[in-house]
Amino acid sequence: MSDFDLPRRLAAEALGTALLVATVVGSGIMAETLTKDVALALLGNTLPTGAILVVLITILGPVSGAHFNPAVSLVFALKRELAPREALAYVAAQVAGGIAGTIIAHAMFALPLIDASLKMRTGGAQWFAEGIAAFGLIATILGGIRFNRVAVPWLVGLYITAAYWFTASTSFANPAVAIARSMTNTFSGIRPADLPGFIAAELCGAVVALIFMTWLLRGAGEAAATKEA
């Protein structure tokens, strides 16, 4: 990441989040157009999302770290691997990119560029599911970085593909993407009024994952050195 200045890193974060959201929203619109089978539509939304994550993390990871997600940027800020001011800039770029992604998807399908969602996604089970989704995502990233960094794009893509199906919320796991999806009244949308619960759950799940994985991944030697100190 140090090979690229902040403006280039922010551009990579905005571009990556925009393409991610355009894929999520666009594939949802396409799926809903092609079938009335909700399960098949969800599959049509899932596979492109997992695939684009592999691509985006592979090509943009060397530039910015390929966060595309405020929860991920928060974790790296707490790990002191991203300065607080840079983390805030990352979040702004991600949110702006996500909104642009929704606009791009709508433009491709000749829909109103911004159309607030009416799809209700709320309640304790949904919030818990988002907490689990974010926990799993952060655990996947941190474990992948520790043991097999080059596999991280595939690990994240495969995790999100799975989490679309095993979480009740279909695994947003990303505040920027949630905000962008509140602006589309299509298959992948979420009511703006439901955003606070989703975002709070995602951030809580991410922080819990950081705490747990920090403990889990401490080697025996490191733990002994800490005790001696």
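The values are calculated or read from the model by the stated rules, or taken from the named source; none is laboratory data. Since we're looking at a predicted model, the values are computed, not measured. As a convention, Cβ positions derive from the backbone with ideal geometry for all residues, glycine included, and neighbour counts pool all protein chains shown. These accessible areas exclude ligands, DNA and RNA; they are computed on the full protein's heavy atoms, side chains included. Shrake-Rupley method; radii C 1.70, N 1.55, O 1.52, S 1.80 Å.
Rounding to the nearest 20 debye, state how big the charge dipole of the chain is about its Cα centre with +1 on each Lys and Arg Cβ and -1 on each Asp and Glu Cβ.
The calculation lands at about 160 debye.
GNM, the chain, Cα, under 10 Å: largest mean-square fluctuation among LYS79, LYS119, LYS36?
Looking only at LYS79, LYS119, LYS36, the largest GNM fluctuation is found for LYS36.
Provide the packing ranking of 199-209, 168-178, i.e. peptides ordered by the mean count of other C-beta atoms within 10 Å per residue, highest first.
My ranking of the peptides, most packed first, is 168-178, 199-209.
Using a Gaussian network model of the chain whose springs link C-alpha atoms within less than 10 Å, name the residue from GLY97, GLY131, GLY144 with the highest mean-square fluctuation.
Evaluated over the chain, the most mobile residue of the options is GLY144.
Tilt of helix 84-108 relative to the longest C-alpha principal axis of the chain, in degrees (0 to 90, nearest 10)?
It works out to around 20 degrees.
Which FRET efficiency value, to the nearest 0.05, is calculated for MET120 and ASP3 with the Förster distance at 35 angstrom and r the Cβ-Cβ distance?
0.20
Would the range 55-138 count as rounded, prolate or oblate if I go by the C-alpha gyration tensor, calling it rounded below 1.5 in a/c and otherwise prolate when a/b exceeds b/c, oblate otherwise?
Here the range 55-138 falls in the oblate category.
Where a ≥ b ≥ c are the square roots of the eigenvalues of the C-alpha gyration tensor, would you call the range 10-63 rounded, which needs a/c under 1.5, or, failing that, prolate if a/b is larger than b/c, or oblate?
It comes out prolate by the Cα gyration axes.
Would you calculate, for the chain, the mean residue ellipticity at 222 nm contributed by helices, counting each DSSP H stretch of 4 or more residues as -39,500 (n - 2.57) and dividing by all residues, to the nearest 500?
-25000 deg cm²/dmol
Measure of size requested: the Rg and Dmax of the chain, with Cα atoms as the atom set and Å as the unit; please supply both.
When restricted to Cα atoms, the chain yields Rg and Dmax of 17.5, 65 Å.
Given the peptides 83-94, 146-157, arrange them by the average over their residues of other C-beta atoms within 10 Å, most packed first.
Taking the mean over residues of other Cβ atoms within 10 Å, the ranking is 83-94, 146-157.
Report in % the part of the accessible area of the range 28-172 that belongs to carbon and sulfur, leaving out ligands and nucleic acids; probe 1.4 Å.
Roughly 73 percent of what the probe reaches on the range 28-172 is carbon or sulfur.
Report, in debye and to the nearest 20, how large the dipole of the range 28-108 comes out about its Cα centre when Lys and Arg carry +1 and Asp and Glu carry -1 on their Cβ.
200 debye
Report D for the range 120-229 in µm² per second (integer): Stokes-Einstein, Kirkwood Rh on Cα pairs, 25 °C, 0.890 mPa s.
Roughly 164 µm²/s, to the nearest whole number.
Run the dipole for the range 101-229 about the Cα centre, Lys and Arg Cβ at +1, Asp and Glu Cβ at -1, nothing else charged, and hand back the magnitude in debye, nearest 20.
Roughly 100 debye, rounded to the nearest 20.
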